[in-house]
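Visitor: Here it is, the structure, as structure tokens.
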Amino acid sequence: MQSNQRKALALLLAGSLALLSACGSNDANGSNGTGSASASGGTASASSASASSASAGASTGEKTKLVFWNTSYPTIDENDKTKKKEDFYIYKAIARYEAANPNVEIVIQDIPDGTNAMTKFQTAGIANNGPDVTNLWSGNYTMDLKSFIQPLNDYLKPSDIDAMTGWNAVTENFADKGTIYGVPDGSDGTIGILYNKKLFAAAGLDPEQSPPATYDDFVAMLQKLKDSGVTPIGSEQDGDFVYFLDYWFAQTVGTAGINDIVNGKMNFNNPKLLQVMQGYVELYKNGFVTNDQPQTQFYNRKVALIFGGYGYLNDARAALGDDLGMMKIPDFNAEVLVKNGGIGGTGADFVVSKSSKHPEEAVKFILFLVSKEEQVARFKDGYGKLLNLKNVDPGEFTNDPYVVKQQEWAGESSTIFWPDNIYPSELSDYISSMNELVVKQQLDVRDFLVKLDQKRDEINKQR
């Protein structure tokens with residue numbers, strides 16, 4: 001999740017309980033205005049529509065109407081403005097659901113993703129007129145709104161839970177068991193290393209045959225790349241804290257350790273994380289990293305590797321073709337708690353409002369959307385998520401070897417749920433801003449860790 005999105009969300013949610021408590025003018029369908037959510041950013045529009053009218057009159061009795069605030073499924077094609085709504089995946093899916101459930105009508109409303117969706121959902125929750133179903137960012141972004149969300153334990157069967165991954169992202173305290181506030185929605189894959197095979201080969205390196213296993217192996221690899229005349233790493237201005245450094249943090253202390261850090265039971269400033277920071281900053285001192293337009297330089301074959309995952313594959317392949325390679329980030333050392341993994345997993349979830357009059361039917365609709373058949377259908381339709389299903393064969397929906405590998409990685413227990421979604425949003429943004437000073441060597445690594453503890457304590461006192 002992008003840093004500027006986190007900052008805006010933290011500011012908006014922090015003040016909205018006090019400022020919005022009198023807001024109750026929306027009707028039960030949230031009809032005071034919605035926006036269009038498209039993959040490339042649509043224009044806001046105040047519109048709502050039933051996905052299908054074909055089932056009208058097909059059953060006796062009054063229909064159950066479910067209001068679905070759509071924050072993630074595209075309903076506008078910026079490259080084809082003539083494309084009809086019924087040709088988009090989500091409208092086709094809802095039509096299928098209504099045909100199979102003629103007593104149900106889904107009213108879909110498009111809401112811009114991110115801060116607007118979070119704030120609008122909170123406003124509606126305060127007024128007790130939220131949608132039946134919507135899609136939110138997972139982790140603390142969902143937990144911060146849990147007072148407006150229906151716990152789902154009573155509506156889920158063990159078989160529902162056993163079929164999918166990502167439940168800790170929607171469970172109280174990110175535990176394996178506890179109060180469940182959402183249904184995990186797909187997978188972002190696992191962040192790894194995308195690299196230029198040609199540049200690696202010129203340096204005498206073949207990660208497919210001999211991938212770096214530890215920090216020391218990684219440094220030796222980077223030195224060979226540098227000696228060959230190429231800049232080894234392209235990294236964002238904040239040092240890719242979310243994609244790279246946070247993995248070394250999380251694998252060192254484990255997900256439970258990240259929770260302990262957030263709750264003040266463990267400090268960032270501890271010997272193990274200090275060792276990680278000292279190793280990390282050496283990458284900069286050794287001249288292995290550039291923070292100047294990393295993706296552009298990688299696509300232009302000026303740097304040998306960047307940190308990224310499934311979401312980068314299309315652009316990277318278009319730029320590098322058969323020269324594109326992908327591997328996991330090496331473990332920091334042999335003592336880490338989580339080995340041969342990465343960060344990623346479920347970055348979003350479906351939730352049911354506490355104000356929903358039909359929570360059981362709402363959960364049934366959600367489970368339809370995350371069923372194997374629908375997750376495969378939306379993937380084939382171009383939706384930008386992998387499947388969060390256990391024991392799925394990627395060959396059923398793709399023949400791309402790197403997508404297959406990402407799907408396999410996403411299902412591994414060593415993929416750690418995004419730590420930046422576990423940290424309070426204000427802390428995540430603060431970490432990235434302070435790490436930018438670290439990579440510029442304007443802030444000592446121990447002072448960096450001390451500052452993170454101080455900020456964490458400050459946030460916890462305000463809660």
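Any read-out appearing in this document is the output of simple, stated calculations on the displayed coordinates, not a laboratory observation. None of the values given here were measured: they were computed from a predicted structure. Methodologically, a virtual Cβ is constructed for each residue, glycine included, from the backbone with ideal geometry; neighbour enumeration extends over all protein chains shown.
Visitor: Using the structure shown, list the pairs from Lys92/Lys339; Lys328/Lys372; Lys83/Lys372 with a Cα-Cα distance above 31 Å, or answer none.
Guide: Numbers: Lys92/Lys339 41 Å; Lys328/Lys372 27 Å; Lys83/Lys372 26 Å.
Correct reply: Lys92/Lys339.
Visitor: Could you size up the charge dipole of the range 322-449 around its Cα centre, putting +1 on the beta carbon of Lys and Arg and -1 on that of Asp and Glu, and report it in debye to the nearest 20?
Guide: Approximately 360 debye in magnitude.
Visitor: Still on this model: What would the Debye equation give as log₁₀ I(q)/I(0) for the range 60-138 at q = 0.14, 0.17, 0.28 Å⁻¹, counting only Cα atoms as equal point scatterers?
Guide: -0.55, -0.77, -1.27
Visitor: Out of the DSSP beta bridges found with both residues in the chain, what percent are antiparallel (nearest 5)?
Guide: DSSP beta bridges in the chain are roughly 60 percent antiparallel.
Visitor: In degrees between 0 and 90, to the nearest 10, how far off the longest principal axis of the chain does helix 3-19 point, with axes built from Cα atoms?
Guide: Value to nearest ten degrees: 40.
Visitor: What angle do you read, to the nearest 10 degrees and between 0 and 90, between the alpha-carbon axis of helix 271-285 and the longest principal axis of the chain?
Guide: So the inclination is approximately 70 degrees.
Visitor: Compute the distance in nm between two label points, each set 7 Å from the Cα along the Cα-to-Cβ direction, one at Asn270 and one at Ser433.
Guide: Roughly 2.7 nm, to one decimal.
Visitor: Classify the range 339-463: rounded, prolate or oblate, from the alpha-carbon gyration tensor (a ≥ b ≥ c, eigenvalue square roots; a/c under 1.5 rounded; otherwise prolate if a/b is larger than b/c)? Don't skip to the answer; put the middle values down first.
Guide: Numbers: a/c = 3.27, a/b = 1.53, b/c = 2.13.
Because a/c hits 1.5 or more and a/b fails to exceed b/c, the range 339-463 counts as oblate.
Visitor: Okay, moving on. Give a residue-ordered list of calculated ³J(HN,Hα) values for the range 67-78 (Karplus: 6.51 cos²θ - 1.76 cosθ + 1.60, θ = phi - 60°; whole Hz; x for Gly, Pro).
Guide: Running phi through 6.51 cos²θ - 1.76 cosθ + 1.60 with θ = phi - 60° gives 8, 10, 7, 8, 9, 10, 7, x, 10, 9, 10, 5 Hz.
Visitor: Listed here are the pairs Lys63/Lys364; Lys197/Lys380; Lys197/Lys405; Lys272/Lys440; Lys63/Lys380; Lys85/Lys380; which of them are more than 20 Å apart at the Cα?
Guide: Too far apart for the 20 Å limit: Lys197/Lys380; Lys272/Lys440; Lys63/Lys380.
Visitor: Helix 246-263 against the longest principal axis of the chain: what's the angle in degrees, Cα atoms only, rounded to the nearest 10?
Guide: The answer is roughly 50 degrees.
Visitor: Return Glu396, Glu426 ranked ascending by Cβ neighbour count within 10 Å, so the fewest neighbours appear first.
Guide: So the residues, fewest neighbours to most, are Glu396, Glu426.
Visitor: Further question on the same structure: Relative contact order, percent, of the chain when contacts are C-alpha pairs under 8 Å separated by at least 6 residues?
Guide: About 22 percent, as a whole number.
Visitor: Quote the charge dipole size of the chain about the Cα centre in Debye, to the nearest 20; the model charges only the Cβ of Lys and Arg (+1) and of Asp and Glu (-1).
Guide: Values: 42 positive and 57 negative charges, 89 e Å.
Computed charge dipole of the chain: roughly 420 debye.
Visitor: Using Cβ counts within 10 Å as a stand-in for footprinting exposure, how do Val404, Val242 rank, fewest first?
Guide: Ranking Val404, Val242 by Cβ neighbours within 10 Å, fewest first, gives Val404, Val242.
Visitor: Using the beta-carbon distance between Thr82 and Glu335 and R0 = 51 Å, what value does 1/(1 + (r/R0)^6) give for FRET efficiency, to the nearest 0.05?
Guide: With R0 = 51 Å, the Cβ-Cβ based efficiency is 0.30.
Visitor: Also: Please rank Glu408, Glu208, fewest neighbouring Cβ atoms within 10 Å first, as an exposure proxy.
Guide: Starting with the residue having the fewest Cβ neighbours, the order is Glu208, Glu408.
Visitor: Are there GluC sites (Glu not before Pro) in the range 83-114 that DSSP marks as loop and that have at most 11 other Cβ atoms within 10 Å, and which are they?
Guide: Nothing satisfies the criteria.
Visitor: I need the per residue convex hull volume for the range 192-348, using only the alpha carbons, in cubic angstrom as a whole number.
Guide: 117
Visitor: Along the charge dipole of the chain, pointing to its positive end and built from +1/-1 on Cβ of Lys, Arg, Asp and Glu, which listed residue (Ile416, Gly114, Ser371) has its Cα farthest out?
Guide: Going by the Cα projections, it comes out as Gly114.
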